[in-house]
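The values are calculated or read from the model by the stated rules, or taken from the named source; none is laboratory data. All figures in this text were calculated on a predicted structure; none of them were measured in a lab. Cβ atoms come from the backbone with ideal geometry, glycine included; neighbour counts cover every protein chain shown. Heads up: the accessible areas ignore ligands, DNA and RNA and are worked out on the full protein's heavy atoms, side chains in. Shrake-Rupley method; radii C 1.70, N 1.55, O 1.52, S 1.80 Å.
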Amino acid sequence: MDYDKDCIFCKIVHNEIPSTVVYEDDVVKAFLDITQATPGHTLLVPKKHVADIFDYDEATAKAIFSRIPKLARAIRDSNPNIKGMNIVNNNGKVAYQSVFHSHFHLIPRYSENDDFSMHFGDNSKAYSPAKLQQVAASIKANLEG
Ligand code: 5GP
Ligand code: ZN
């Protein structure tokens, strides 16, 4: 399905509801996130309705991923106070996805105390080399193509 009539980002893509656009071409659109977690917080979406990362065809994946560096550089260069950037893609409610049209958050970072944070737990003590091999093998067994 290219357009989902119940999807807020499909409505933004088709200009049925307003957004503050920073980039647009045939296949993707980028607009400011309404919350502005940090100034310049931007969302990059495929124009086609793709629910999440698991739902991409290869051409749409190529299109969206290939635009990220160019957009990231433009955001960085828009403000001399930007020191770094987090690029975040949430998939599934458990992973904090709230809009089920795939999107990449580009979140410029100004300091460790700006209004964005992430937590990576460290469970390395629970993983022997053998256990890591076992985890990798079960992922490899499921790779497509
Ligand atoms: P998620 O939680 O799914 O990763 O991110 C969804 C994002 O979409 C949130 O950061 C939220 O602020 C943003 N968002 C939701 N509705 C709108 C809207 O109508 N306009 C814009 N510009 N952003 C929205
Ligand atoms: Zn959609």
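Can you pull out the residues in region 19-31 that are in a loop (DSSP other than H, G, I, E, B) and within 16 Å of ligand 2 (Cβ to nearest atom)? Even if it seems obvious, please write down each step before you answer.
Of the residues in region 19-31, the ones in a loop (DSSP other than H, G, I, E, B) are 19-20, 25-27.
Scanning region 19-31 gives Ser19, Val27.
Could you go through region 126-140 and let me know if any residue there is in contact with a Phe, Trp or Tyr (Cβ under 6 Å, 6 or more places away or on another chain) and either assigned to a helix (DSSP H, G or I) or within 30 Å of Val27 (Cα to Cα) (or both).
Of region 126-140, the ones in contact with a Phe, Trp or Tyr (Cβ under 6 Å, 6 or more places away or on another chain) are none.
No, because not a single residue in region 126-140 is in contact with a Phe, Trp or Tyr (Cβ under 6 Å, 6 or more places away or on another chain) and either assigned to a helix (DSSP H, G or I) or within 30 Å of Val27 (Cα to Cα) (or both).
Matching residues to (1) closer than 23 Å to Glu112 by Cβ; (2) of a type in the set (A, V, I, L, M, F, W, C); (3) not in a loop (DSSP other than H, G, I, E, B):
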| position | (1), (2), (3) |
| --- | --- |
| Asp4 | no, no, no |
| Glu16 | no, no, no |
| Ile34 | no, yes, no |
| Ala59 | no, yes, yes |
| Pro69 | no, no, yes |
| Arg76 | yes, no, yes |
| Gln97 | no, no, no |
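Has region 32-45 got at least one residue that is open to solvent by 10 Å² or more (accessible area, probe 1.4 Å), free of Cβ contacts under 8 Å to residues at least 60 places away in the same chain and near ligand 2 (Cβ under 9 Å from one of its atoms)? Checked against the condition, which is being open to solvent by 10 Å² or more (accessible area, probe 1.4 Å), free of Cβ contacts under 8 Å to residues at least 60 places away in the same chain and near ligand 2 (Cβ under 9 Å from one of its atoms), region 32-45 yields no hits at all. Only one of the numbered conditions (1) away from ligand 1 (no atom under 15 Å from the Cβ); (2) loosely packed, with under 15 Cβ neighbours inside 10 Å; (3) closer than 14 Å to His103 by Cβ; (4) not polar (S, T, N, Q) is not met by Arg67, and that is (2). Within region 103-124, how many residues turn out to be within 15 Å of ligand 1 (Cβ to nearest atom) and either polar (S, T, N, Q) or open to solvent by 70 Å² or more (accessible area, probe 1.4 Å) (or both)? Result for region 103-124: 3.
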